[in-house]
1. Among Phe19, Ile34, Leu77, whose Cα sits farthest toward the positive end of the charge dipole of the chain (+1 at Cβ of Lys/Arg, -1 at Cβ of Asp/Glu, about the Cα centre)?
2. Against the 2.2 N^0.38 Å scaling, with N counting residues, where does region 1-48 land? I'd like the Cα-based Rg ratio to two decimal places.
3. Report Rg (one decimal) and Dmax (nearest whole number) for the chain, counting Cα atoms only, units Å.
4. Can you run phi through the Karplus equation (6.51, -1.76, 1.60; θ = phi - 60°) for region 20-35 and list ³J(HN,Hα) in whole Hz, with x for Gly and Pro?
5. Based only on other Cβ atoms within 10 Å, what is the fewest-to-most ordering of Glu53, Glu92?
6. To test your reading of the geometry: what angle, between 0 and 90 degrees and rounded to tens, separates the Cα axis of helix 51-64 from the longest principal axis of the chain?
7. Based on alpha-carbon centroids, what's the gap between region 28-47 and region 48-91 in Å, whole number please?
8. With an 8 Å cut-off on Cα pairs and a minimum separation of 6 or more residues, tell me the relative contact order of the chain in percent.
Amino acid sequence: MQTNGCGSMAGIIFFISYFLMVPLIFLNLFIAIILEGFEQTNQRVNNLIPEEELEKFRDHWSTYDRDATGYIKIKDLTKLMFDLRDPLGWNERYREDLEW
C-alpha cells in the first residue's frame, strides 16, 4: 500500500493496532470492575451471619426436625427461637410478651 507522502507504514500499523487493542483493554477493565463489585457484595452477604451462628442454627433445627424434612411444627417455633437466642433467636424478654 503506497501512502504518497501521507505518513508512513508505522502510522497505519499503529492505527489498526490501536483500534483493535483499545476496545479489548476497555472491555477487560469493564469486566474486572463488575467482577470486583460482585466479589465485594458477596463478601458482605457472607459476613452477615457468622458461620458459628449458622452451625448453631443447624444443630437446634435438627432437634426439632429429626427426619430432615425442612419443616417444623408451629408449636416448636417459639422453642427454637428461644433456644437460638441472639442474634438469630429471641431473648428471654420476649417470653413475657408471648405469655398472655
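1. Phe19
2. Values: Rg = 20.5 Å, N = 48, 2.2 N^0.38 = 9.6 Å.
Ratio of Rg to 2.2 N^0.38 Å for region 1-48: 2.14.
3. Here Rg and the maximum Cα pair distance are 30.7, 98 Å.
4. 8, 8, 4, x, 5, 5, 5, 5, 5, 5, 4, 5, 4, 5, 5, 5
5. Numbers: Glu53 16, Glu92 8.
Listing Glu53, Glu92 from fewest to most nearby Cβ atoms yields Glu92, Glu53.
6. That helix lies at roughly 40 degrees to the long axis.
7. Each part's Cα centre sits 31 Å from the other's.
8. Numbers: 27 pairs, mean separation 13.3, N = 100.
It rounds to 13 percent for the chain.
Read the figures in this text as sums done on the coordinates, not as results from a lab. Remember, predicted model here, so these are calculated numbers, not experimental data. Glycine gets a Cβ as well: all are built from the backbone with ideal geometry, and neighbour counts include every protein chain shown.
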